[in-house]
Structure formats: C-alpha cells, structure tokens
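Report on one structure; see the data block that follows.
All of the numbers you see were taken from the coordinates with simple rules; none came from a lab. Small disclaimer: the values here were computed from a predicted structure and weren't measured. Because the Cβ atoms are built from the backbone with ideal geometry, glycine has one as well, and the counts that use them run over all protein chains shown.
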C-alpha cells in the first residue's frame, strides 16, 4: 500500500482488492470443498480490505463486493444462486464481467478439491451452446464489451425498448 501499483490505476484499486479476495475465496473453496463457503471467503476478504483501507475502489463500483455476504446465503434464486450457476447476468453487480474469472475459479476449486468429473453438469452447459443465440456465452467478456460500445443488440422481450438505428 505504500507504493502505487498497476492494479491501483484501474477502478481505484478495485482490481487490487479483487486479487486478494480471489486468493481468499479460492483457498476457502479448496479447503472446504464448498463453493458457497468460497464465495463468502471472497466477501470476507473484501469487507476486511474495506475496513483496513476505507475503500475498495471508487464511484460505487464496490457495491457488489459489499452486498455479497447477505445474498450468498439467500434462498431466493435471483439473489442467492450457487457459485456454479452464477452467470454474466447475475443481479446487483455493477462490474461483474471483471469478476467472472474469479467466480468461475471459486466454483471450480470446490469441485477440483473433491475430484469431481465436472463443475457444472454438461446438461446445463448445452442449454447455452446454441450458436444461433444472440449472446455468445463462450465469449462473455467480448459480448459485454460489445454492449459497452453499443454494438450488441438483444433479441426477444427487450426488442421493444431498444431504440431504432
């Protein structure tokens, strides 16, 4: 903390806090063989970081790292999904595309520690493998970037609220 780092220049230190939290979450997930415990290891690290340095980032981008402890134990499926089912559309997360890699590692670590054949059932994966979908789930970060530069156009129920080109 005495010396500026490259991670400090991006989102005011949010990425720095995420590296520490990822290490905590993955270690907890490996030790307990439980992805939900791993997610709570992530959130505990974030809360301790905030307590120690009074911030995680700036502009309110740290919301998702402060509200996670409350919703990771929720039984409501829209706010408390298991780590294995967290996707790029997870609610209450302002910058979740930046955390997708960490969430995947936390979910996967529990299954790696148990020696499971897979992290998420292949039956779930084939649901999103359709190449005709507008959103390419194999390239989540690329699709979010397309949305940020206004290149992505959704289909379906949101079509009525998208302005014409």
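At-a-glance table
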| read-out | value |
| --- | --- |
| Sorted by Cβ density within 10 Å, fewest first, the residues 146, 134 | 134, 146 |
| Virtual spin-label span in nm between residue 145 and residue 32, 7 Å along Cα→Cβ | 3.4 nm |
